[in-house]
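Contents: one structure, followed by commentary.
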Amino acid sequence: MGHERIGFLPRTKRWREVVASINDVPTGNESTTAKIADNTLTNVQSRFRRLHADEGIQAAFGYLIALASTHIPISSGLASPDIELTDNTSPVRIASQLNEWVNLHSSSREYAELACRAASDTIVEWTKSHSAQGQLFDESTSASSIWAQAANGAGFCEVSRLFFANLTNRYLRYFLEREASTQISSIEDREKFNDNLKTHVKSVSKHAFETSKITQSFAAGWFNKHAHDKRPSDSEIKSFLAIAFGKLHEEIQREAKQ
C-alpha cells in the first residue's frame, strides 16, 4: 500500500508553462523563465525531502486527523487534542485551536507557520465545501456533522490531499518569489513578476492540487487501517508523512525532468 504507484499524473499545464504565464516581462529571455521554474522545483524538492520529520508539520497533520476522529476516544500523542465541535463552532475557532496545538509541539517557527496556514486553509475549504449551503458561517449544518464526513477513508483522503496541496502551493509561491528576485535583474520586471504572481495564484494552486493527487489513494487506505477504532500513534503518523512526502518528492522530481 505504501509504495503503490498510480502512474503519470495528468497536468492541465506543465510547470514551466505555468511559470511562463507569470513571467511575461519583456526580457525576451526564455532561459530566465526556465531557471525560475527549475530552481523553484529543486528548492521545493529539497524541503519535501525532510518535512516529514518536522514536529510542527506532524502536529498540524495530527490535528487534522483528530478533526476526522472526534468519534474515537482520545488517547495521547499528536492526534490527541481535545476538540469539542458544537453546532456553531466556526472554522476560525477551529483554526485558532490548531495554531495553539502546533505551537505547543513545534520546533521550527518557519515550518510551524507554513503548517498552520496550510492546515487552516484546509479547514476553511473543507467546511465551505461540506456545509449545507456552501457557506463558512452557515448554521444549518453543525461543525460536528461537517467533520463527520471526514471520518472514513473517502473523506479523510480529501482532507489529506487539501493539506498537501495547500502546503505545496505555499512553497511554490514562496520559492517563485525568491527565484524571481535572483534571476530577474530589472527591479521593474521583478515587481511585474510579483504582481503577475498574485493574478496567477489559481494556476499555481491548481498545479499544486494536481501534484497532491499522488497521496490520495494511499491516505484513504491508511486512515481505514489506522484510525478505524483508535487514533493513530505518533509513529504511525510519522510513517505516513514520510511516505506521503516521499511520493510528492518523486512526483516533483519526475516533472522537473520533463
Residue ID - nearest to L41 (Cα to Cα), chosen from residues in the range 234-258 that are at pLDDT 95 or above and among the polar types (S, T, N, Q): S239
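So which residues in the range 192-216 are more than 19 Å from S160 (Cα to Cα) and touching a residue at least 60 places away in the same chain (Cβ under 8 Å)? Lay out the reasoning, then the answer.
From the range 192-216, those more than 19 Å from S160 (Cα to Cα) are 192-203; that's our starting set.
Residues satisfying the conditions are K192, F193, N196, L197, H200, S203.
Could you tell me which of the residues S80, S96, S108, S90 is surrounded by fewer than 19 Cβ atoms within 10 Å (Cβ to Cβ), among the small types (G, A, S) and touching a Leu at 6+ places or on another chain (Cβ under 9 Å)? Show your work before the answer.
Details: S80 fails: touching a Leu at 6+ places or on another chain (Cβ under 9 Å); S96 fails: touching a Leu at 6+ places or on another chain (Cβ under 9 Å); S108 fails: touching a Leu at 6+ places or on another chain (Cβ under 9 Å).
Sole residue among the options that is surrounded by fewer than 19 Cβ atoms within 10 Å (Cβ to Cβ), among the small types (G, A, S) and touching a Leu at 6+ places or on another chain (Cβ under 9 Å): S90.
Do we find a residue being among the basic types (K, R), under 21 Å from H52 (Cβ atoms) and crowded, with 19+ Cβ neighbours inside 10 Å anywhere in the range 217-228? Please lay out each step first, then the result.
Step one: filter the range 217-228 for residues among the basic types (K, R), giving 225.
Narrowing the set further to residues that are under 21 Å from H52 (Cβ atoms) leaves 225.
With the extra rule that they be crowded, with 19+ Cβ neighbours inside 10 Å, the set shrinks to none.
Looking through the range 217-228, none of the residues is among the basic types (K, R), under 21 Å from H52 (Cβ atoms) and crowded, with 19+ Cβ neighbours inside 10 Å.
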Among (1) touching a Cys at 6+ places or on another chain (Cβ under 8 Å); (2) without any contact (Cβ under 8 Å) to a residue 40 or more places away in the chain, the one test that A219 misses: (2)
Report, by residue number, each residue of the range 137-165 that is surrounded by fewer than 21 Cβ atoms within 10 Å (Cβ to Cβ) and either part of a loop (DSSP other than H, G, I, E, B) or hydroxyl-bearing (S, T, Y) (or both). F137, D138, E139, S140, T141, S142, S144, S145, Q149, A151, N152
Those residues of the range 17-71 which are part of a loop (DSSP other than H, G, I, E, B), modelled with pLDDT under 90 and either closer than 30 Å to S145 by Cβ or among the aliphatic types (A, V, I, L, M) (or both), in sequence order: V25, T70, H71
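The values are calculated or read from the model by the stated rules, or taken from the named source; none is laboratory data. In this text, all values refer to a predicted model and were calculated from it rather than measured experimentally. Every residue, glycine as well, gets a Cβ built from its backbone with ideal geometry; the counts of neighbours run over all protein chains shown.
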